[in-house]
Every structure is written in C-alpha cells, then in structure tokens.
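Asker: Have a look at this one.
The values are calculated or read from the model by the stated rules, or taken from the named source; none is laboratory data. As the structure is a prediction and not an experimental result, all values here were calculated from the model. Note that each Cβ is placed from the backbone with ideal geometry, even for glycine, and that neighbours are counted across all protein chains shown. Surface areas here come from the heavy atoms of the whole protein model, side chains and all, with no ligands, DNA or RNA. Shrake-Rupley method; radii C 1.70, N 1.55, O 1.52, S 1.80 Å.
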Amino acid sequence: MSDVPDNAPEHCPGTQSEQAGKTSSCQGCPNQKLCASGATKAPDPAIAEIGEKMSTVKHKILVLSGKGGVGKSTFSAHLAHALASDGTKEVALLDVDICGPSIPRIMGLEGEQVHQSGSGWSPVFVEENLSVMSIGFLLGMIKQFLRDVDWGDLDYLIVDTPPGTSDEHLSIVQYLSSTHVDGAVIITTPQDVRKEIRFCQKVKLPIIGVVENMSGFVCPSCKNTSQIFPPTSGGAERMCETLKLPLLGKVPLDPRIARSCDEGKSFLNEVPDSPAAQVYHSIVQSIQDYCTNRVTEEQSTS
C-alpha cells in the first residue's frame, strides 16, 4: 500500500484512511499523533506545484505494460521520435522506469548527465525539438522529475513507466492529477493486460488505446508472417473487442528494431518503409488525433 510508512506497524490502516491513528494497531506507532490530527490526509503540496510546472505541456501520454520485456520503452522512444519528426512540435520523453531504465541506451544518450539551472533540471536533447530525462541519468524521485525538470513549452510529453501496476504508477497518476493527462497507451504482446486496464479505470485514467507489440514475425525476404507468441486468450484484438477499447495497432517483430535501439538510433528513420514502421506511423497518427479531439472537446465544454 503506497500510503503506509516504512516504520508503521503490521496492520497499519494507511495514512489516508479514515481510521488513521485511531485503531488498536496504531498504538505505539511513532506516526500515530500525526495521523490522528488529519494532517496526513491533506493533499500533497507537490501536486499543485507539478500542475504549475506542467502547465506549459499541452499533451501528456503515459505508456504502460503488464510486465517487462514487451517493448514498452522501445515503443515510447519510437513514439517520441515520430512525434518529433514534425519539426513544428516540441516533444520530450520522460523515463521513470526505476526497474531498468533503458531509454538512455535506446536514445543514444548513455553516459550523459543532466544539469541544474535556476529554473530546474535541464533535460538532455537528442534533437533540437526532442529532449529526454531518465532516472538512468540521475537517481532521484518521481516527484522531483515532475516538479523540478525545466521542460519549457512542449506539445507532447511521453512518460515511460515501470512495468506492472506498482506504487510508482499510483504516484505518477496522483502527481499528474492536476495537469490533465490525456490518457494512457497500454503495450502488450499477444497475451492479456486486463490488470493494467483495470488500474487505469480505477484511477480514472483515460485509455487512449492498446498496442500489440511483437505481433508476429514478418520475414524481410519472403514477407510471410509467423506467430512467435501465440495469443493465450484471443490476443489484444479480442480483448479490445470485449472491453470496447481501441486497438491502435499490431507491431510485428523486426530484428532491425532491436538493432537500432542498441545503436541509439530511430528505427523509423533507419527503415522507414518497413511494415513495422508503417504500423508505428498509423499508431502515432491515432494518438495525435485523440489528443487533438480531446482539446477540441475540452474547449467546447469550457
């Protein structure tokens, strides 16, 4: 539970609970007086600070997956590259995957360091209109990344999250609650990700859609498709039909994707005519359309 202090007793009800500081299990806890006062239920002041800091970012997109190794960071990097291919847009990629931050390697930024200025940390630039901040550059807290990095004016911020539905996800959603997150893109292989979908629904995080990664292997020579990961329950397509969610696309396996990531290059620029690149461009267009329509809807209701 994310609101249970490290030094709390075994049956702590949590600092946000109505029973905080009042139950028998709270007796003797060093936090009892503070919890009983109600101070722990007050909103974290960082939420408002992050809202102010992020006010210059038009669209914020979280990228989620149920487990590691499904290509979530690869997708995040390619989404950022694709959006930044429009030179009129300012794009940033934020890597908060504390389980294994791979964005610096994928973006060709290993060994880079961040610098602090009067207005906060400065992200590392890959291109003139594409910047990156990764927990791999600096061991810090998610709250600091959101509040203290000086992004400047952005059109898109892509947030590459840890796999699963951990406390980090709750922290990200809570801290961004005042910034109007556009929604989440959920990455999966041809297996199921219903747990992540339930998480988004529970925290009222809009789901932009689902991307099925590693969706078959397209032979570069004969162009035939082979199923490497047979779907366990009908795959993402059937799941999306059942849950009435958009399936943004099915990205086929292509060994050149891994190679470009290892070299810190954009696969979309290296092999622009490949089947996988074409699917990526279609997915990115759907995400852009979603963000544009969301802005239009908000303006019409305000």
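Asker: Which length gain, in nm to one decimal place, applies between residue 300 and residue 269 when the Cα-Cα distance is subtracted from 0.36 nm times their residue separation?
Answerer: The span from residue 300 to residue 269 would gain 7.4 nm if fully extended.
Asker: Report, in cubic angstrom per residue, the convex hull volume of the C-alpha atoms of the stretch 250-302. Please report the intermediate quantities before stating the final value.
Answerer: On the way: hull volume 4.5 nm³, N = 53.
For the stretch 250-302, the hull spanned by Cα atoms encloses 86 Å³ per residue.
Asker: For the stretch 262-302, what does the accessible surface come to per residue with a 1.4 Å probe? Please give it in Å².
Answerer: With the other protein chains kept in place, the stretch 262-302 gives 59 Å² per residue.
Asker: Shifting gears a bit: Along the Cα→Cβ direction, 7 angstrom out, place labels at residue 289 and residue 27. What is the inter-label distance in nm?
Answerer: The two pseudo-label positions are separated by 6.3 nm.
Asker: Could you give me the percent of Cα pairs per 10 Å distance bin for the stretch 22-136, shortest bin first, beginning at zero and ending with the bin that holds the maximum distance?
Answerer: Pairs per bin, as whole percents: 11, 32, 26, 16, 12, 3, 0.
Asker: Tell me, what ³J(HN,Hα) does each residue in the stretch 196-213 have, in order and in whole Hz, if you take phi through Karplus 6.51 cos²θ - 1.76 cosθ + 1.60 with θ = phi - 60° and put x for Gly and Pro?
Answerer: Residue by residue, the stretch 196-213 yields 5, 5, 4, 4, 4, 5, 5, 8, 6, 9, x, 9, 5, x, 10, 10, 8, 8 Hz.
Asker: Oh, and also: Can you give the accessible area of residue 153 in Å² (nearest 10), computed on protein heavy atoms with a 1.4 Å probe?
Answerer: Its heavy atoms expose roughly 110 Å² to the probe.
Asker: Can you tell me how much longer the chain between residue 67 and residue 86 gets when fully stretched, taken as 0.36 nm per residue apart minus their C-alpha distance, in nm with one decimal?
Answerer: 3.7 nm
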